[in-house]
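Participant: One structure coming up, written as structure tokens, with questions to follow.
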Amino acid sequence: MEELKEFGHLAMQGALRIVCVAVFMIVGIRIIRVFRKGVGRSMERAGLEITLRKFLDALLYVVLLGLLTFMSAEWLGVRTASIVALVGTAGLALSLSLQNTLANFAGGVLILFLKPFRVGDYIVTQDGEGTVESIGLVYTTILPLDNRKITIPNNNIANSPITNVTGAEKRRVVLDLSISYSSDLAHAKELLYEIFEESPLILQEDGIVVVVTDFAENGVIVSARGWTETENIWLAGWELREKIKLTFDKEGVELSYNCLNVHVKEDSRKGERT
């Protein structure tokens, strides 16, 4: 009879403990949900990328839920030390087998945190160049001008130089031309200035510069420079080059090119050419 009473007492204690743990878990999960919403709003205000926000939210949920589970297990009398050791061993084995993936993952986190480029930017890397279509935690996908899709491991991008072509709101158009020594240099500079001045893609308020930068073997190097909006950088260059060629042809200004002059010298003593 006493054994039955003792069993009933232990069962009552166990049931009460289970109920307490269940209530603790329910309350804890609700607190975690509220905390995640607050952290999510903070990350959104901070301007973090959506991919990084989702990853950090999932990581926060797993960590908090794990802590809640371990605390509940302790209250139920479960020994968690062995579980922690098992999880640590499994994590070590997994990290050794996924070294490259983890390196790409770390690179993705760095890219999303430091923001050297964003989705929609045109970048140049050692593995290719194009418009960024997506930034994942392991790979970044870019689209070149011919619309091919290039997927680059984030570790490669994070550990090599990156040129963000469209990172600024405006870019400077720089056209270096070689003008023949026989052409009128002052007239050529006036034409270049007028071409840049008349272009609707050049930002006139930022100034136009036409200067002589060097004397080459075949001609005078003249540099024409003006600012344009970043989205128009290629179009401005294409239109200006075409306009310059047509205008120079019309005005008689010669663009120099590599050539080889052969001089024939006559030997007066022999009456022969050498």
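The values are calculated or read from the model by the stated rules, or taken from the named source; none is laboratory data. The structure displayed is predicted, hence computed values, not measured ones. Glycine gets a Cβ as well: all are built from the backbone with ideal geometry, and neighbour counts include every protein chain shown. These area figures cover heavy atoms from the full protein model, side chains too; ligands, DNA and RNA do not enter into them. Shrake-Rupley method; radii C 1.70, N 1.55, O 1.52, S 1.80 Å.
Participant: Kindly indicate whether residue 176 is modelled with pLDDT of 85 or more, assigned to a loop (DSSP other than H, G, I, E, B) and over 30 Å from residue 46 (Cα atoms).
Facilitator: So residue 176 does not fit the description; no.
Participant: Which of the residues belonging to the stretch 150-176 are out of contact with any Lys or Arg (no Cβ under 9 Å at 6 or more places or on another chain) and farther than 30 Å from residue 137 by Cβ?
Facilitator: If the condition is that a residue be out of contact with any Lys or Arg (no Cβ under 9 Å at 6 or more places or on another chain) and farther than 30 Å from residue 137 by Cβ, then 170, 171, 176 are the ones that fit.
Participant: Out of all the residues in the stretch 231-254, which are open to solvent by 100 Å² or more (accessible area, probe 1.4 Å) and closer than 12 Å to residue 188 by Cβ?
Facilitator: Selection gives nothing.
Quick grid of which residues meet (1) polar (S, T, N, Q); (2) touching a strand residue (DSSP E or B) at 6+ places or on another chain (Cβ under 9 Å):
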| position | (1), (2) |
| --- | --- |
| 153 | no, yes |
| 158 | no, no |
| 166 | yes, yes |
| 171 | no, yes |
| 175 | no, yes |
| 181 | no, yes |
| 188 | no, yes |
| 192 | no, yes |
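Participant: For residue 216, state whether it is closer than 27 Å to residue 167 by Cα and either hydrophobic (A, V, I, L, M, F, W, C) or in contact (Cβ under 8 Å) with a residue 40 or more places away in the chain (or both). Don't jump to the end; show me each part of the working.
Facilitator: Working: closer than 27 Å to residue 167 by Cα: no; either hydrophobic (A, V, I, L, M, F, W, C) or in contact (Cβ under 8 Å) with a residue 40 or more places away in the chain (or both): yes.
So residue 216 fails the test.
Participant: Same structure again: Given the structure, is residue 155 within 17 Å of residue 52 (Cβ to Cβ), open to solvent by 30 Å² or more (accessible area, probe 1.4 Å), assigned to a helix (DSSP H, G or I) and in contact with a helix residue (DSSP H, G or I) (Cβ under 6 Å, 6 or more places away or on another chain)?
Facilitator: So residue 155 passes the test.
Participant: Here's a follow-up. Considering only the stretch 192-228, state which residues are assigned to a strand (DSSP E or B) and either open to solvent by 80 Å² or more (accessible area, probe 1.4 Å) or of a type in the set (Gly, Ala, Ser) (or both). I'd like the intermediate steps shown before the answer.
Facilitator: Restricting attention to the stretch 192-228, the residues satisfying the condition of being assigned to a strand (DSSP E or B) are 208-215, 220-228.
Passing the criteria: 214, 215, 223, 224, 226.
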